[in-house]
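The values are calculated or read from the model by the stated rules, or taken from the named source; none is laboratory data. Quantities reported herein were computed from a predicted structural model and do not represent experimental measurements. Cβ placement follows ideal geometry from the backbone for every residue including glycine, while neighbour counts extend to all protein chains displayed.
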Amino acid sequence: MAAVEQQNPSSKRVLLVDRDEAFGATLTNVLGSGYTLTHLRSVKEAIPFLRSDKIDVALLNWDQPSRSDHSECLALLSEARELAVAPPVLGITWDNRRESAMEAMKEGAWDLFLQPLDVRMLKFALDRAHERMTLSRDLAAARNLISVQRVDSLIGNSKAMERVYEIIHKVAGVSTTVLITGESGTGKEVVARAIHRLSPRAGKPFVAFSVSALPDTLIEDELFGHEKGAFTGASLSRRGRFEEAQGGTVFLDEIGDLALPLQAKLLRVLQERSLERLGSNAAVPLDTRVICATNRNLEQMVQAGTFRQDLYFRVSVLKIELPPLRNRKDDIPVLAEYFLRLFATAHGKDIRGISPGYLNALASHQWPGNVRELQNVIERSLVLADGNYLAIQDLPVELSRLAVALETTLGAFQDAVRSFKRGLVRSALEMCNGNKLKAARELQISRCYLHRLLNQLNIEEDFSMEEGSVVEPEPVSIGPVV
């Protein structure tokens, strides 16, 4: 291993993997003070260094161990792909065949440069790779921060959800009554459970009850319990949901469906912090936090006289409004991926991912059933899918029709983009008399990317290709590399 230059904090940290020590010394001098070069002679030495987060970009001799055998180079690229934040890997080679460049790019190389090296172009690529690595590290740090701030069981990093996470963290530490509002399927009970898990009451019971699940005649007994003999058939005393949640949290879903007489009794329980079972006059002290939820507009119900104003003020001391899925579409891909992994495990299906067309259809749907509807769509698609990826044909009929219409529109747009790219590339090649290197510079793209465009756009090679020629200023040859 060659010595590491004294590091400038603002310099780009470059790892050179090349067997020729003289080449490393020459490259250090040519790059100058803006770069700190670490030279390792083998991929075996480089892989542990790659994992250490001590470099910003790797420069790899693609001809190791030979121009026909790239096994060592492929091992390094494979290792880089496994890293959470992988440094870009640039290759250098004497092999001017298009196949070599395509193989390197296919395996994950950031770019491939032909010897003798044009130092100006190499520095430009190193600087761009350094910028990308800096951005990747910043993004990873931001994701880690978000993961700390966000709430377990809630999925999504959109601005709307970030606000929800912030409020949850603030209200979790107090025992004040919380009202969660939002359309059906937005995850109101998930939020209530998250508040409980983050609160000092986390070790105590969380008891959920939907007011709309039972007729009014049974709700009072379900919530507050009864004494033995309170009514026909009451052979034993029974605790209600509030008593079952002693020390913990009771979650009352669809509170807007509670009948007016029961609203009055609930208000008394919240004010007195005690309850009376059916058939008893004895007060039972309560130490229970109450979280309510509704998909109805309680303020309008107060105006209409169907919900008590004093109870509304009591239950809405702290409010959390959950956004519908159509207003947080940035979260759809991560939600879809989460449900895919969840149901793939549950149903034993080998589904590895989601196709772009499928995701486009999800993003274009309005989701009246919100996250619950998305969950059902993903599970249905996964169960019926025949391939390893969820595709458009796996969607429900209403979404697949939308996907077909969307693809038709996108197809026309993509055709126009393809035609525009084709015209630019052909014009650049004609202006440069078929010289790909010159054409790439005119287009301000790398030569490898130009090769990919020629292949993708099916541009006929009807130009005289002068791969080795170089335009002014003359490149500095820092080879050979053998």
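Summary of values
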{"item": "Single residue of ARG352, ARG296 found to be surrounded by 13 or more Cβ atoms within 10 Å (Cβ to Cβ) and of a type in the set (Lys, Arg)", "result": "ARG296"}
{"item": "Residues of segment 128-166 satisfying the condition of being hydrophobic (A, V, I, L, M, F, W, C), surrounded by 13 or more Cβ atoms within 10 Å (Cβ to Cβ), farther than 23 Å from GLY203 by Cβ and at pLDDT 65 or above", "result": "ALA129, MET133, ILE155, ALA160, MET161, VAL164"}
{"item": "Hits in segment 180-200 (condition: over 23 Å from ILE332 (Cβ atoms) and either of a type in the set (Asp, Glu) or in contact with a helix residue (DSSP H, G or I) (Cβ under 9 Å, 6 or more places away or on another chain) (or both))", "result": "ILE195, HIS196, ARG197, LEU198, SER199, PRO200"}
{"item": "Out of GLU220, GLU244, GLU254, GLU272, sole residue that is touching a helix residue (DSSP H, G or I) at 6+ places or on another chain (Cβ under 9 Å) and either modelled with pLDDT under 90 or farther than 18 Å from LYS319 by Cβ (or both)", "result": "GLU220"}
{"item": "Subset of segment 299-353 (residues that are under 37 Å from the mean Cα position of the chain (by Cα), farther than 20 Å from LYS188 by Cβ and hydroxyl-bearing (Ser, Thr, Tyr))", "result": "THR345"}
{"item": "Only one of VAL334, VAL371 that is in contact (Cβ under 8 Å) with a residue 60 or more places away in the chain, in contact with a Leu (Cβ under 6 Å, 6 or more places away or on another chain) and of a type in the set (Val, Ile, Thr)", "result": "VAL371"}
{"item": "Residue that is nearest to ARG201 (Cα to Cα) [pool: residues in segment 246-275 that are out of contact with any strand residue (DSSP E or B) (no Cβ under 7 Å at 6 or more places or on another chain) and of a type in the set (Asp, Glu)]", "result": "GLU272"}
{"item": "Condition check for PRO215: surrounded by fewer than 17 Cβ atoms within 10 Å (Cβ to Cβ) and within 23 Å of LEU311 (Cβ to Cβ)", "result": "yes"}
{"item": "Enumeration of residues in segment 215-238 that are of a type outside the set (Phe, Trp, Tyr), assigned to a loop (DSSP other than H, G, I, E, B) and more than 45 Å from the chain's Cα centre (by Cα)", "result": "GLY225, GLU227, LYS228, GLY229, ALA230, THR232, GLY233, ALA234, SER235, LEU236, SER237"}
